[in-house]
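S.K.: After the structure tokens below, expect a handful of questions from me.
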Amino acid sequence: MLNTNHFYISLSYRLSQNIKKRPRLLKWYKKFCFAFLKPIDVKLTPIFINNRNHYTYLKELIDWLELNGFRNYYVIDNDSSYPPLLEYYRSSLKERVIYLHKNAGHLSMWREGLIKRVWNSFYVYTDSDVLPVLASSPFLLEDLYTALKKYDFAIKAGSAIKINDLPKCFALRDKVVEHEQWFWKNELEPTIFHAEVDTTFALYLPNYIWQVDHWDQHLRIAGNCEIRHQPWYQDTDHLTEEQQFYQSNASTQTHWTNFGAYFSKK
């Protein structure tokens, strides 16, 4: 008897490595995924949160997930050392934490082979320092799913990042807005943009392979799906103890971790 799960894994892995050069193959592969895999279920869809030394931001994101009915979430820890965070892991998250015991960076899901845990499933991957704008948005995931299904070229659909309310106390506000505004230019329809998504909150096709990723196969969804990138709301001249600890122990975990170094090259 054919092992359908093994067949699916083998077939979809091979397909996912060829989707860029063969748009028709991607279209067929997506039809296969949406036809034979279970529809999105908020309570069951795996959510992986990549984290290193963020405590407050992580807790706020997890509180939001719980409030909105998300239950199947996990934290990928990149060798964090912030004491309050480690205590939070032990006291509240427990078996939900995947300890890497090293800093694998913002692509830990793929670099460490964790993708094997969700071969046959749609899943969410996100940095820990983002938070949906709406306190209650239980249909966020369904909206991402609908957009991903609608556009044949798309291999992932992510939340648009809000930039029109950044505070003056954030020193790099103008440079962030200048950089990020380009992701709001190519509107396919109201609230849906053809724009690159890095590792902020996004829904991925099964067997998404980062190594063959291309920005022109991404969607950003605004409206009810918008998120804030929390570090952009910091008071640069009055960082909290936690923010100071994070910056002093930061490496290139995400696109914006060392934002000063990033913009100095522009």
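Just so you know, all these numbers are worked out from the coordinates, no wet-lab data involved. Not measured: the values here are computed from a predicted model. Quick reminder, even Gly has a Cβ in these numbers, built from the backbone with ideal geometry, and neighbours come from all protein chains shown.
S.K.: Could I have the simple spin-label model distance between Ala135 and Asp198, label points 7 Å from Cα toward Cβ, reported in nm to one decimal?
M.R.: Here the answer is 3.0 nm between the modelled labels.
S.K.: Sticking with this one: At 0.36 nm per residue, and after removing the present C-alpha to C-alpha distance, how many nm does the segment from Arg24 to Ser248 gain when stretched out fully?
M.R.: Between Arg24 and Ser248, full extension yields 75.9 nm more.
S.K.: Spin-label point model (7 Å from Cα, Cβ direction): what's the Glu178 to Leu239 distance in nm?
M.R.: About 2.2 nm, to one decimal.
S.K.: Also: State the volume of the convex hull built on the alpha-carbon positions of region 114-225, expressed per residue in Å³ and rounded to an integer.
M.R.: Roughly 125 Å³ of hull volume per residue.
S.K.: With each pseudo-label sitting 7 Å past Cα toward Cβ, what's the Arg111-Asp152 distance in nm, one decimal?
M.R.: 3.6 nm
S.K.: What is the packing order of peptides 216-223, 38-45, taking the mean over residues of other C-beta atoms within 10 Å and listing the highest first?
M.R.: 216-223, 38-45
S.K.: Sticking with this structure for a sec: Which pairs in the list Lys43/Lys162; Lys150/Lys175; Lys30/Lys185; Lys38/Lys149; Lys59/Lys94 are over 23 Å apart, alpha-carbon to alpha-carbon?
M.R.: On the way: Lys43/Lys162 26 Å; Lys150/Lys175 33 Å; Lys30/Lys185 26 Å; Lys38/Lys149 13 Å; Lys59/Lys94 14 Å.
With Cα atoms farther than 23 Å apart: Lys43/Lys162; Lys150/Lys175; Lys30/Lys185.
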